[in-house]
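Working notes, structure below.
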Amino acid sequence: MKGNKTFSLSLTEKGETDVLQSLYIELAGELSRGVNISAQLSDSQSKLSPEGDSKELSNLDKVFLRIHSSKWEVGMGDLDVSFKGTKYINYYSKLEGLNAQYKDTNTFQAAYNAGGGKRANMQIQIIDGKQGPYYLLASNNQRSFQIIPGSEELYLNAEVQERGTDYFVDYDEGTILFRKVVSSSDLVNAYFQYSDEYYRQSTILNSSEIHFGTAFALKHHFLLQTDAKNNPLLHSFNDADLDSLSNAGDSQTWSSGVSTVDVGTYRQRVSDTDELYYEYAPNDSLAIYNIVFSYVGTNLGDYIEFSKGRYRWVGERNGDWLPQKKLVSPTQKTNIDLSLKCDLGDVSLNVEGLYSNFDKNTLSELDDDDNHGGILYARLDRSTLHSRLLFLLEGEHRFANSYFFASQGTSEYEFASLPIADSLAQSTVNLSMQYQGIYWQPKLLLRWRSLQNQYTQEAFRISSTSIQHLMIPSMNLISTISRQDGILKSLIQYYNSDLSWKVMQYDIGVSGLWNYTTNEDPNIDNNSFLRLSPVFGLKNATQSTQLVHVYEETGKNMGKPQYYSNTYGLKHSSSLYKQSFNLDATHRVIRNTNSENPKSSYELVTLRSGNNLLNGFIQLFTNYSLNQTEFFPKIRELIYVGNSQGLYDSTGLEVIHGD
């Protein structure tokens, strides 16, 4: 048994203090021969309560108990569960429940999750000069939800980003903060799971892998996630609400949020234009109404939230809230995946099918004809010439209204602008050939794709990877041409090159990217993007230095770029016997010919150093960072005190004449 308890005191230049603490306890041992037990209790970065104690067990970061051997395991508590080895259910989630699995030649797994998460994705619009925070949104009007820790996947220009290295995530706030330079020309997609305040969810997971000899393998994966429809969390449903939900099908429905009580918090008033409205008036003898308000969108409501849970009438279509109750329907989602793989040496065949069912309202039998979806997939691999020449033929058909628990992030930047909607039927055929040489690896891809009522794609991509030989640099080249017919009739040209030399302790490189989309619809502008980046580095056993310059331009206007930027970067790290030093500095200059302020610049700096004194008895660490972030003060509660009588506005920002 081992553990630790730590405390941290933070001080700011304004005199503010914050005390953080963490608790970690680990238990491990052997129950019998070959049977082990392990348990963990951890509470990381949690604030001290007024009593100075840790938070309740239900709020701790991780509490689990596992009993396991070399072939089987039974666990309960906060565990990690994942499905791997399939094309469509590469699923990972934090589990609060039970997990049992058996691993040998054949494998079996079953789990029950008392929690659960709903899938969401969004494209983050980057603002130049802002690293964050960027808020993750589940939907246009979803305001109260919790990001499930560890569920997010972030793609920057189709490349997967690593949490902690490339970005920070605040799960409580639901925000992303980048640790690198990002710009408005970057394509950023976020996939994540969240839990909301409407229903408790439970998830059943099951998988197996059975081998028939050495050539055949059969896999299955099953996921069932259900909302507890008889136990809504936010609002209780009366008979009228249940009838509305039963008749709503998959459509959104609302009910009145006003209820009459003996002692309430709102009273009814009449405006100068004879409009009835409700005024927040606790302890008033005429306050006989309790009201549930719903957020409906900017300038779509009649009320504003001037303090948490308190609302003020501002006139028709001048606010964001209405006195109505959104009846959120319970849902049920199912994925069943079955795959068969046959490996005969130089030839392998993989067939996979996925069935999905997404019932958007389990309280209604209407609109259930679009609940079902699925995918059929087949892949044939052939290798020749001592497995150096590879042929791949794969085909996929997605039925309309398919739902996936796992994210469908793309790693193909040149096609990222083309929509691939899960609600539409689509078919794809890929034929590729690749030669895996020692020094040179060329690859050819031919693609045909048809997206229902949108476009038909015919694409050609040739790529080449080679290693450095004498003064010939290592090269990574990609050239893609894609033609789309249909509503999105267009031509995409994409060229990307990376060249690098390594000579003794010097690293020299240059990369370039040009992407141009020609749209035949005169109402849609053509798009172009150019990036050039030389790099120079010096590296030895104790230190490394890198100089980077990145030039980017987007769009053309009378032969001139509408937007272009220059980024200059310096990275240095050194490690001596008792000292370490790391510096990462970036200066960026942006010119936008379509803006009132055509030029702007900003800097990003991160500096870390460490020193050991008295043979490590004293350790000194220095951290300095200059970030381009927006600051939102965290106010526990806002109380309305009168027009221009307060210090803050309704969003919590400090102003001169607040309410």
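Would you confirm, using the coordinates I've provided, whether residue 414 is part of a strand (DSSP E or B), surrounded by 15 or more Cβ atoms within 10 Å (Cβ to Cβ), touching a residue at least 12 places away in the same chain (Cβ under 8 Å) and at negative phi? No. Taking residues in region 102-129 that are under 14 Å from residue 205 (Cβ atoms) and of a type in the set (Phe, Trp, Tyr), and partners anywhere that are open to solvent by less than 60 Å² (accessible area, probe 1.4 Å) and in a strand (DSSP E or B), the pairs with Cβ atoms closer than 6 Å and at least 6 places apart or on different chains are 108/208; 112/97. Here residue 473 meets each of (1) closer than 30 Å to residue 423 by Cα; (2) free of Cβ contacts under 8 Å to residues at least 40 places away in the same chain with one exception, condition (1). The set of residues in region 319-358 that are more than 24 Å from the chain's Cα centre (by Cα) and free of Cβ contacts under 8 Å to residues at least 60 places away in the same chain comprises 319, 320, 321, 345, 346, 347, 348, 349, 350, 351, 353, 355. Do the conditions hold for residue 292, that is, is it open to solvent by 30 Å² or more (accessible area, probe 1.4 Å), under 30 Å from residue 84 (Cβ atoms), touching a strand residue (DSSP E or B) at 6+ places or on another chain (Cβ under 7 Å) and of a type outside the set (Phe, Trp, Tyr)? Here the answer is no, as residue 292 does not meet what is asked.
Residues of region 202-221 that are touching a residue at least 60 places away in the same chain (Cβ under 8 Å) and hydrophobic (A, V, I, L, M, F, W, C): 204, 205, 210, 215, 216, 217, 218.
Looking across region 68-89 at every residue that is more than 30 Å from the chain's Cα centre (by Cα) and open to solvent by less than 60 Å² (accessible area, probe 1.4 Å), the one that is nearest to residue 114 (Cα to Cα) is identified as 73.
The residues on offer are 272, 239, 227, 243, and the sole one that is under 34 Å from the mean Cα position of the chain (by Cα) and acidic (Asp, Glu) is 227.
Please work out which residue is surrounded by the most Cβ atoms within 10 Å (Cβ to Cβ), limiting yourself to region 457-499 and to residues that are assigned to a strand (DSSP E or B) and among the basic types (Lys, Arg).
461
The single condition from (1) without any contact (Cβ under 8 Å) to a residue 40 or more places away in the chain; (2) open to solvent by 40 Å² or more (accessible area, probe 1.4 Å); (3) closer than 26 Å to residue 383 by Cα; (4) among the hydroxyl-bearing types (Ser, Thr, Tyr) that residue 435 fails is (1). Just to verify a result, which residue in region 189-213, among those that are of a type in the set (Ser, Thr, Tyr) and closer than 16 Å to residue 334 by Cα, is surrounded by the fewest Cβ atoms within 10 Å (Cβ to Cβ)? Here the answer is 202. Of the residues in region 518-537, not one is at pLDDT 90 or above, open to solvent by 60 Å² or more (accessible area, probe 1.4 Å) and in contact with a Lys or Arg (Cβ under 9 Å, 6 or more places away or on another chain). Restricting attention to region 442-455, does a residue exist that is open to solvent by 80 Å² or more (accessible area, probe 1.4 Å) and under 25 Å from residue 185 (Cα atoms)? The answer is no; no qualifying residue exists. Residue 156 - would you say it is touching a Gly at 6+ places or on another chain (Cβ under 8 Å), under 22 Å from residue 417 (Cβ atoms), at pLDDT 80 or above and hydrophobic (A, V, I, L, M, F, W, C)? Spelling it out, it is not the case that residue 156 is touching a Gly at 6+ places or on another chain (Cβ under 8 Å), under 22 Å from residue 417 (Cβ atoms), at pLDDT 80 or above and hydrophobic (A, V, I, L, M, F, W, C). Pairing residues of region 180-199 that are farther than 24 Å from residue 118 by Cα and among the polar types (S, T, N, Q) with residues that are outside any loop (DSSP other than H, G, I, E, B) and open to solvent by 40 Å² or more (accessible area, probe 1.4 Å), at Cβ distances under 7 Å and at least 6 apart in sequence or on separate chains, gives 185/554.
Could you check, for region 262-275, whether at least one of its residues is open to solvent by less than 60 Å² (accessible area, probe 1.4 Å), in a strand (DSSP E or B), in contact (Cβ under 8 Å) with a residue 24 or more places away in the chain and β-branched (Val, Ile, Thr)? Within region 262-275, not a single residue is open to solvent by less than 60 Å² (accessible area, probe 1.4 Å), in a strand (DSSP E or B), in contact (Cβ under 8 Å) with a residue 24 or more places away in the chain and β-branched (Val, Ile, Thr). Of the residues making up region 126-135, at least one is modelled with pLDDT of 80 or more, surrounded by 16 or more Cβ atoms within 10 Å (Cβ to Cβ) and among the aromatic types (Phe, Trp, Tyr).
Quick one: in region 321-352, of everything that is part of a loop (DSSP other than H, G, I, E, B) and touching a Ser or Thr at 6+ places or on another chain (Cβ under 6 Å), which residue is least open to solvent (accessible area, probe 1.4 Å)?
Pass one, region 321-352, residues part of a loop (DSSP other than H, G, I, E, B): 323, 328-331, 344-346.
Now narrow it down to the ones that are touching a Ser or Thr at 6+ places or on another chain (Cβ under 6 Å): 330, 346.
Working: 330: 0, 346: 78 Å².
Per the stated criteria, the residue is 330.
Taking region 564-579 as the range and being open to solvent by 50 Å² or more (accessible area, probe 1.4 Å) and either out of contact with any Gly (no Cβ under 9 Å at 6 or more places or on another chain) or part of a strand (DSSP E or B) (or both) as the test, the residues that pass are 564, 568, 570, 571, 575, 576, 577, 579. Against the conditions (1) in a strand (DSSP E or B); (2) open to solvent by less than 30 Å² (accessible area, probe 1.4 Å); (3) of a type outside the set (D, E, K, R), where does residue 355 fall short? Just the number, please. Answer for residue 355: the failing condition is (2).
Filtered by the rule that a residue be at pLDDT below 90 and open to solvent by 60 Å² or more (accessible area, probe 1.4 Å), region 388-411 gives 388, 411.
With respect to being among the basic types (Lys, Arg), open to solvent by less than 60 Å² (accessible area, probe 1.4 Å) and modelled with pLDDT of 80 or more, residue 608 falls outside the description. Confirm whether residue 279 is in a strand (DSSP E or B) and either open to solvent by 40 Å² or more (accessible area, probe 1.4 Å) or closer than 18 Å to residue 235 by Cβ (or both). Criteria met by residue 279. A single member of 287, 217 is of a type outside the set (S, T, N, Q) and farther than 30 Å from residue 83 by Cβ, and it is 287. Only residues that are in a strand (DSSP E or B), small (Gly, Ala, Ser) and open to solvent by less than 50 Å² (accessible area, probe 1.4 Å) were counted in region 235-261, giving 1.
The values are calculated or read from the model by the stated rules, or taken from the named source; none is laboratory data. What you see is a predicted model, and the numbers here were worked out from it, not measured in a lab. Every residue, glycine as well, gets a Cβ built from its backbone with ideal geometry; the counts of neighbours run over all protein chains shown. Accessible surface is based on the protein model in full, side chains and every heavy atom, while ligands, DNA and RNA are left aside. Shrake-Rupley method; radii C 1.70, N 1.55, O 1.52, S 1.80 Å.
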